[in-house]
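Colleague: Here you go, one structure.
What follows draws every value from the coordinates through simple rules; no lab data is involved. Since this is a predicted model, take the numbers as computed values, not measurements. Backbone-built Cβ (ideal geometry, glycine too); neighbour counts: all protein chains shown.
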Amino acid sequence: MAPRALWKGQLRLSLVSIPVEIFSATKTGARVSFRQIHEPSGKRVRYEKTVPGIGPVKSDDIVKGYEVDDDEYVLLDPDEIEAIKLDTKKTFELVQFVDACEISPLYFNKPYYITASDDLAQDAYRVVRDALREAGKVGLGQVTMRGKEYLAAVKPCGDGLLMETLRYEDELREADEIFTEMEDEKVDSDLLEVATSLIDRKSAPFDASAYRDKYAEAMQTLLDAKIKDKKTPRVRADDDGTDAGDNVVDLMSALKQSLKEADGKKKKKAPRKKAS
């Protein structure tokens with residue numbers, strides 16, 4: 001089954017706009033998952049949205065509430081939330097470029113693939129990809145997906161582009177809060193030499209295929225054995241039905257015009273020389 005795009009819009013580099021689609025770079029289907037079963041009846045446990053004194057409620061009757069005081073909420077209609085205008089809902093503009101090593105690993109959150117939406121967009125897409133690769137830079141911008149605006153970094157990845165969402169600064173906890181009890185003292189030089197030698201001996205290029213989820217494998221082995229064992233308790237849970245781009249025109253002209261505008265802004269910011 002073909003993956004479904006999580007976002008469709010324009011990847012913009014100054015005056016150049018490229019129709020693109022964003023896909024998740026991770027998958028969850030490889031992991032063992034369970035259903036909760038009510039053992040006495042053999043039926044699936046379901047979770048209903050209920051209100052005290054009223055009971056189960058319809059999803060259409062539920063709105064978002066923001067707590068302003070104890071048990072006091074400001075209510076927001078879904079249409080009001082949807083009406084918030086953000087350019088990043090349909091446009092992902094690369095507004096800054098940095099060296100990849102400048103971004104701490106603490107900020108990286110989740111990877112996504114960016115692809116060109118159609119054949120006409122591929123030329124411009126390749127130009128951005130190769131320019132990032134040649135410059136050794138990562139592009140930064142913001143994009144809105146699934147009701148949240150993300151800070152994101154874009155970099156070359158094989159034949160395409162990889163986007164990684166980044167955490168905002170206020171989402172990170174200060175390290176000093178955690179390491180406050182750690183005293184900064186020199187370590188024994190002999191111990192340090194042995195530890196360094198051990199690291200050198202075990203150093204090798206990273207190979208993700210060399211690592212496996214041993215717990216998931218052991219769980220799958222257990223499940224396979226239970227499935228083959230006819231003495232394993234089984235139930236049949238009956239389903240009761242309650243489950244709820246624009247085309248890029250004259251790319252070179254657009255890039256040159258963008259470069260002129262960028263140079264113009266730099267000249268305006270340059271300090272004036274004092275008269276001698």
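Colleague: In segment 134-170, what GluC sites (Glu not before Pro) fall in a loop by DSSP, with at most 13 other Cβ atoms inside 10 Å?
Modeller: none
Colleague: Does segment 1-105 come out rounded, prolate or oblate by the C-alpha gyration tensor, with a ≥ b ≥ c the root eigenvalues, rounded set by a/c under 1.5 and, if not, prolate when a/b is larger than b/c and oblate if not?
Modeller: oblate
Colleague: Which loop-located GluC sites (Glu not before Pro) does segment 29-120 contain, where loop means any DSSP state but H, G, I, E or B and the Cβ has at most 14 other Cβ atoms within 10 Å?
Modeller: Those that pass, being in a loop and sparsely packed, are Glu48.
Colleague: Follow-up. Which order do Met145, Met182 fall in if you start with the one that has the fewest other Cβ atoms within 10 Å?
Modeller: Met182, Met145
Colleague: Right, another one. Taking H placed 1.01 Å from N in the peptide plane, check which residues at least 5 places from Lys43 or on another chain put their amide H under 5 Å from its amide H.
Modeller: His38
Colleague: Please find the FRET efficiency linking Val74 to Ser258, where r is the Cβ-Cβ separation and R0 is fixed at 30 Å, and quote it to the nearest 0.05.
Modeller: After rounding to 0.05, the efficiency reads 0.10.
Colleague: What area, in nm² and to one decimal, does the C-alpha convex hull of segment 68-185 cast on average over all directions?
Modeller: Computed as one quarter of the Cα hull surface, the answer is 12.5 nm².
Colleague: Okay, which of segment 162-176 sit inside 18 Å, backbone N to the point 7 Å along the Cα-Cβ direction of Arg133?
Modeller: So the set is 162-164.
Colleague: Sort Met219, Met252 so the one with the fewest other Cβ atoms within 10 Å of its own Cβ comes first.
Modeller: Met252, Met219
Colleague: About its Cα centre, how strong a charge dipole does the chain have in debye, to the nearest 20, once Lys and Arg get +1 and Asp and Glu get -1 at the Cβ?
Modeller: Dipole magnitude for the chain comes out near 1340 debye.
Colleague: For Ser24, Ser209, which order do you get if you count the other beta carbons within 10 Å of each Cβ and list the fewest first?
Modeller: The most exposed by this proxy come first: Ser209, Ser24.
Colleague: Taking amide H positions as placed 1.01 Å from N in the peptide plane, with prolines and chain starts having none, which residues 5 or more places from Phe108, or on another chain, fall under 5 Å of its amide H?
Modeller: Under 5 Å from the amide H of Phe108: Arg167.
Colleague: Can you work out ³J(HN,Hα) from phi for every residue in segment 170-177, in order, using Karplus 6.51 cos²θ - 1.76 cosθ + 1.60 and θ = phi - 60°, giving whole Hz and x for Gly and Pro?
Modeller: The phi angles translate into 6, 8, 9, 8, 5, 5, 4, 5 Hz.
Colleague: Right, something else. 222 nm [θ] for the chain, helices only, -39500 (n - 2.57) per DSSP H run of 4+, per residue, to 500?
Modeller: The helix contribution divided over the chain gives -8000 deg cm²/dmol.
Colleague: Between Tyr150 and residues 5 or more places away or on another chain, which pairs have amide H atoms under 5 Å apart, with H built 1.01 Å from N, and which residues are they?
Modeller: Counting only residues 5 or more places away or on other chains, the set is Val143, Thr144, Met145.
Colleague: How far, in nm, would the chain grow between Lys228 and Ala5 when pulled straight, counting 0.36 nm per residue and subtracting the alpha carbon separation?
Modeller: So the extension gain works out to 76.4 nm.
Colleague: Which ³J(HN,Hα) values, rounded to whole Hz and listed in residue order, are derived for segment 120-134 from phi using the Karplus coefficients 6.51, -1.76 and 1.60 in 6.51 cos²θ - 1.76 cosθ + 1.60 with θ = phi - 60°, glycine and proline given as x?
Modeller: Using θ = phi - 60°, the values come out as 5, 8, 5, 4, 5, 4, 5, 4, 5, 4, 5, 5, 5, 5, 5 Hz.
Colleague: With volume of the Cα convex hull per residue in Å³ as the read-out, I listed (1) 365; (2) 121; (3) 157; which label goes with the value calculated from this structure?
Modeller: The listed entry that was calculated here is (1).
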